[in-house]
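Shown next, in structure tokens, is the structure this report addresses.
All of the numbers you see were taken from the coordinates with simple rules; none came from a lab. Values in this document were obtained by computation on a predicted structure and should not be read as measured data. Quick reminder, even Gly has a Cβ in these numbers, built from the backbone with ideal geometry, and neighbours come from all protein chains shown.
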Amino acid sequence: MIAIETHGLTKEFNGLIAVDNLNLKIKKGELFSLLGPNGAGKTTTIKMLSCLLNPTHGKIRILEYDAVEQPYEVKKVIGVSPQETVISEFLNSWENLELIGRLHRMDKKTIKERSKELLETLGLMERAKDPVHKLSGGMKRRLSLIMALIHDPAILFLDEPTLGLDPQSRRAIWEYIRKFKGEKTILLTTHYMEEADQLSDRIGIIDEGRIVALDTPERLKERYSKKKVVLVEGENIENVKGKYTIDNNRLVIEDGDIKGIVERLSKEGVIIKSIKTEEPTLEEVFIEITGKELRE
Amino acid sequence: MILALTSRNIKEIFRNRMRIGFLLGMPIAFMLIFNVAFGSSGEEIINVGIIDLDNSEISATYIENLGNISGINIISYDNEENALKDLKDGNILAYMTIPEHFGENMMLIWNNSNLEIDLKIKYDETLPNTASKFISIVTSYTLQFSRVSIPLRIDSEPINISYEKNLVNFFAPGIVIFGLMVLIPTAGGMITHDKEKGFMERILTTPVTSTQILLGYSLPLFIVALIQIATYMGVGFALGMKIYGNIFLLFAVYILTALWCIGIGMIISAWAKREDQAEPFSWIFMIPVAMLSGLWFPLENMHPVVKAIANLFPSTYSVNAARALVLKGSEFSAISNSIYILIVTTVILFLVGIFLFKKLVVK
């Protein structure tokens, strides 16, 4: 069953193509990541999917609804966590959640129960009555995230959910996202490799408005990354100069066969002190595909 | 470090057109407006009423010649009641009563009799400058008419002797309306802030309509307006303000004022992208409008062009209606035109606001 489907989705801003002929099929319960640098068209895509922007061309289906024709139906089934921390500064956490809940026509009792659950899960209960401008950045971010969840939407759009957070807060949010993975259909955008790698069922690498690769994280790495890299430190490294790359007094060998490497180096008189393998990363995949680095 | 920061801030200011407009354009606009407002009074025509109790040939000639003086337009009345009504409704600025035996007495004066001429003028207290201009014209004209220096007594009195010489009566309506106009930057700033910070978008991801959003922002502002009106009136009363007209009608005028102000704020916020555009723009709009519509000083001495421009602003109708109610105790019929104009303006502003919000919802 397909939850989100786009066909030829395109958005132009004054002749600039932000999203170019995007075709996506995201299954129910899947966590799909759009990975790409800033300006790749991730947020524009989410805005079109959440009926904030009309596409220039193309079709969007969210469950059984057409996003352009039936925006109000779509808005009932989606939850959107915007890229920025978007909260009402002079309300407290309860009131922020209540506001969104009421805009979704939930009754007060359900809002209260659901808020309690969310605030507790994300560790916000203790300060839930403080006006939110007094909360820390990480706490605000978490509140902003759960505001997208208050009405228990079937489909969740998370636009850079951990942007600008410290590693600890980031991990806390990942943990939380993992909890409802499978239950909800999630489209997440990120430019953090690790985030996409850790959370996604599938990743679409987006660059200049176009999907340039789409697969599971494992298969992407398999397909696009170079072989395992072995780094060797030791004495008499100069003996193999010319045969292998030497970087920073280390031998860099693009070959996963450690046993073979040890044998060959011993023959050349290299005394190995340490040997380390490097797994392929999404970063490499990204550079391989787009020819550019993904800076944070 | 300080220099770098200074340089950066100068760039910030000068690259923001709205801000530079606010810093430079506003004082210039003030200067220009004050200049026009207090400068030439233009070729103004004063409407005055005459009640001729004498009905003699001499009084008829007197009136005819007075009417020939440039700048004076004479309207004749049979009785004082009608003249007073027109004065209260603002149709005439003053009226003069020519006493019985005016003609006979004038004949006697021409025959060197030592008689006193007694003329009564009632004028609109809210327009003291024009009234005194009229009184001095009448004085010199009558002396000329009698050809000799006679003991002329012009008994001038403002309408409604019970008026206290109280400035608050004149200024309060304008100040209340200006206070309500602060709703324009408030509405504009509030909505633009939410647009800028992404909160509006967050609201737009929920199933609400643009009309609901518009009302969701106007209603709290309307409540603020009610509090404002009550507070301003309270302060006015504390300062000795007296309302001669219907207080509920006055409330209606103030409420309409609040509504059109909120409407303008909405429209500004639909246009502005950032809060630092919306707020200064609102003030740039407000201040000249407040001045041109006679909120702070009377319009009577303004250039006709300025008056014509003033008639384009809803604030002019608000202040005219409010002042008529507070000062003159006018009936509904006298201010009905202003009220209808305010209602139409409010409806149009809100329709435009809803239309612009609809465009805001889906880009």
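List the residues whose amide H sits under 5 Å from the amide H of B:Ile75, counting only those 5 or more places along or on another chain, with H placed 1.01 Å from N in the peptide plane.
B:Val48, B:Gly49, B:Ile50
Express the relative contact order of the range B:165-362 as a whole percentage, based on alpha carbon pairs under 8 Å and six or more residues apart in sequence. Let's see the in-between values first.
Values: 251 pairs, mean separation 72.1, N = 198.
Taking the mean separation of contacting Cα pairs over the length of the range B:165-362, I get 36 percent.
Do you know the relative contact order of chain A, to the nearest whole percent, from alpha carbon pairs under 8 angstrom that are 6+ apart? Kindly include the intermediate steps, with their values, before the conclusion.
Details: 558 pairs, mean separation 60.4, N = 296.
Relative contact order comes out at 20 percent.
Got a sec to turn the phi values of the range A:232-244 into Karplus ³J(HN,Hα) couplings, 6.51 cos²θ - 1.76 cosθ + 1.60 with θ = phi - 60°, whole Hz, x for Gly and Pro?
Ordered by residue, 3J(HN,Hα) equals 10, 10, x, 9, 6, 4, 4, 4, 9, 4, x, 7, 10 Hz.
Less than 24 Å apart at the alpha-carbon level, and either on another chain or at least 8 residues along: which lysines does that give for A:Lys276?
In chain and number order, the partners are A:Lys221, A:Lys226, A:Lys227, A:Lys228, A:Lys241, A:Lys243, A:Lys259, A:Lys267.
Whole-Hz ³J(HN,Hα) for each residue in the range B:182-191, computed from phi via Karplus 6.51 cos²θ - 1.76 cosθ + 1.60 with θ = phi - 60°, x for glycine and proline: what do you get?
After applying 6.51 cos²θ - 1.76 cosθ + 1.60, I find 5, 4, 4, x, 5, 4, x, x, 4, 5 Hz.
Work out from phi, with θ = phi - 60° and the Karplus expression 6.51 cos²θ - 1.76 cosθ + 1.60, the ³J(HN,Hα) of each residue of the range B:219-231, listed in order in whole Hz, and give x for Gly and Pro.
4, x, 5, 5, 5, 4, 4, 4, 5, 4, 4, 4, 5
Would you work out the relative contact order for the range B:46-159, in percent, from Cα pairs under 8 angstrom that are 6 or more residues apart? Walk me through the numbers before you get to the answer.
Values: 187 pairs, mean separation 32.6, N = 114.
Normalised by residue count, the contact order of the range B:46-159 is 29 percent.
On average, how many beta carbons from a partner chain sit within 10 Å of the beta carbon of a residue in B:192-204?
Values: counts 0, 1, 2, 0, 0, 7, 7, 7, 2, 8, 15, 5, 8.
Going residue by residue through B:192-204 and averaging, the value is 5.
Which shape class applies to the range B:203-309: rounded if a/c is under 1.5, otherwise prolate when a/b exceeds b/c and oblate if not, where a ≥ b ≥ c are the square roots of the Cα gyration tensor eigenvalues?
Numbers: a/c = 2.51, a/b = 1.38, b/c = 1.82.
Here the range B:203-309 falls in the oblate category.
Let a ≥ b ≥ c be the square roots of the eigenvalues of the Cα gyration tensor of chain A; is it rounded (a/c under 1.5), or, if not, prolate (a/b larger than b/c) or oblate?
Values: a/c = 2.85, a/b = 1.81, b/c = 1.58.
Judged from the Cα gyration tensor, chain A comes out prolate (a/c at least 1.5, a/b above b/c).
Evaluate peptide A:141-150: per residue, the Cβ atoms of other protein chains within 10 Å of its Cβ; return the mean as an integer. Present the calculation step by step, with values, prior to reporting the outcome.
Values: counts 0, 0, 0, 2, 0, 0, 3, 2, 0, 1.
Mean partner shielding for this stretch: 1.
How shielded is A:60-72 by partner chains, expressed as the average number of their Cβ atoms within 10 Å of its Cβ atoms? Could the numbers behind the result be given before it?
Working: counts 0, 0, 0, 0, 0, 0, 0, 0, 1, 0, 0, 5, 4.
Mean inter-chain Cβ contacts per residue within 10 Å come to 1.
Taking the Cα centre of the protein assembly as shown as origin and charging only Cβ (+1 Lys, Arg; -1 Asp, Glu), how large is the dipole, in debye to the nearest 20?
Details: 72 positive and 78 negative charges, 520 e Å.
The calculated dipole for the protein assembly as shown is roughly 2500 debye.
For helix A:93-103, report the angle its Cα long axis makes with the longest principal axis of the Cα atoms of chain A; keep it between 0 and 90° and round to the nearest 10°.
For helix A:93-103, the angle is close to 70 degrees.
Hey, which aspartates and glutamates would be in cross-link range of B:Lys195, C-alpha to C-alpha under 13 Å, not counting anything within fewer than 8 residues on its own chain?
Reachable aspartates and glutamates: A:Glu84, B:Glu275, B:Asp276.
Tell me, how many Å apart are the Cα centres for the range B:69-133 and for the range B:290-363?
Between the Cα centre of the range B:69-133 and that of the range B:290-363, the gap is 33 Å.
Across the Cα atoms of the range B:46-159, what radius of gyration and what greatest pairwise Cα-Cα distance (Dmax) are found, in Å?
So, for the range B:46-159, Rg and Dmax equal 13.4, 42 Å respectively.
Set the bar at 32 Å for Cα to Cα. Now go through A:Lys181/B:Lys273; B:Lys133/B:Lys328; B:Lys85/B:Lys307; A:Lys11/A:Lys109; A:Lys27/A:Lys116; A:Lys134/B:Lys358 and name every pair that lies beyond it. Let's see the in-between values first.
On the way: A:Lys181/B:Lys273 37 Å; B:Lys133/B:Lys328 21 Å; B:Lys85/B:Lys307 24 Å; A:Lys11/A:Lys109 41 Å; A:Lys27/A:Lys116 30 Å; A:Lys134/B:Lys358 34 Å.
Long pairs (Cα-Cα over 32 Å): A:Lys181/B:Lys273; A:Lys11/A:Lys109; A:Lys134/B:Lys358.
Under a point-charge model restricted to the Cβ atoms of Lys and Arg (+1) and Asp and Glu (-1), what is the dipole moment magnitude of the range B:46-159 relative to its Cα centre, in debye to the nearest 20?
On the way: 7 positive and 17 negative charges, 94 e Å.
For the range B:46-159, the charge dipole is close to 440 debye.
Arrange the peptides A:34-43, A:85-94 so that the one whose residues have, on average, the most other Cβ atoms within 10 Å appears first. Please report the intermediate quantities before stating the final value.
Working: A:34-43: 21.9, A:85-94: 19.2.
Per-residue Cβ counts within 10 Å, averaged per peptide and sorted highest first, yield A:34-43, A:85-94.
Check A:Ile206: other-chain or 5+ apart residues with amide H under 5 Å from its amide H, H built from backbone geometry?
Residues meeting the criterion, in which the H sits 1.01 Å from N, are A:Leu35, A:Gly36, A:Val212.
So for the range B:38-147, taking the charge dipole from beta-carbon charges (+1 Lys/Arg, -1 Asp/Glu), which of B:Leu84, B:Ile137, B:Asn68 sits furthest toward the positive end?
Value computed over the given set: B:Ile137.
Can you order the peptides B:212-218, B:267-273 by their average number of other Cβ atoms within 10 Å per residue, highest first? Please list the in-between numbers first.
Details: B:212-218: 17.9, B:267-273: 20.7.
Taking the mean over residues of other Cβ atoms within 10 Å, the ranking is B:267-273, B:212-218.
Estimate the FRET efficiency between B:Asn82 and B:Val344 by the formula 1/(1 + (r/R0)^6), using the beta-carbon distance for r and 35 Å for R0, to the nearest 0.05. Write out the running numbers ahead of the final one.
Details: r = 30 Å, r/R0 = 0.86.
It comes out at approximately 0.70.
At 222 nm, what helix-only mean residue ellipticity would the protein assembly as shown give, in deg cm²/dmol to the nearest 500, using -39500 (n - 2.57) for each DSSP H run of four or more? Walk me through the numbers on the way to the answer.
On the way: 26 runs with 330 residues, N = 659.
After summing the helix terms and dividing by the residues of the protein assembly as shown, the value is -16000 deg cm²/dmol.
When a/c is below 1.5 the answer is rounded, else prolate if a/b is larger than b/c, else oblate, so apply that to the range A:1-66 with a ≥ b ≥ c taken from the square roots of the Cα gyration tensor eigenvalues.
On the way: a/c = 2.16, a/b = 1.42, b/c = 1.52.
Judged from the Cα gyration tensor, the range A:1-66 comes out oblate (a/c at least 1.5, b/c at or above a/b).
Put a dot 7 Å past each Cα toward the Cβ at A:Ser274 and A:Glu12; how far apart are the dots in nm?
Here the modelled spin labels are 5.5 nm apart.
For the range A:40-68 and the range A:162-182, compute the distance between their C-alpha centroids and round to whole Å.
Centre-to-centre distance over Cα atoms comes out at 25 Å.
Where does each of A:176-183, B:320-327 land if you order them by average Cβ count within 10 Å, highest first?
Details: A:176-183: 14.5, B:320-327: 25.6.
Ranking, from highest mean packing down: B:320-327, A:176-183.
If you take the alpha carbon radius of gyration of the protein assembly as shown and divide it by 2.2 N^0.38 Å, what ratio comes out, to two decimals?
Numbers: Rg = 38.9 Å, N = 659, 2.2 N^0.38 = 25.9 Å.
Rg over 2.2 N^0.38 Å, computed on Cα atoms: 1.50.
Gaussian network model of chain A, Cα springs within a sub-10 Å range: biggest mean-square fluctuation belongs to which of A:Thr189, A:Thr121, A:Thr245?
A:Thr245
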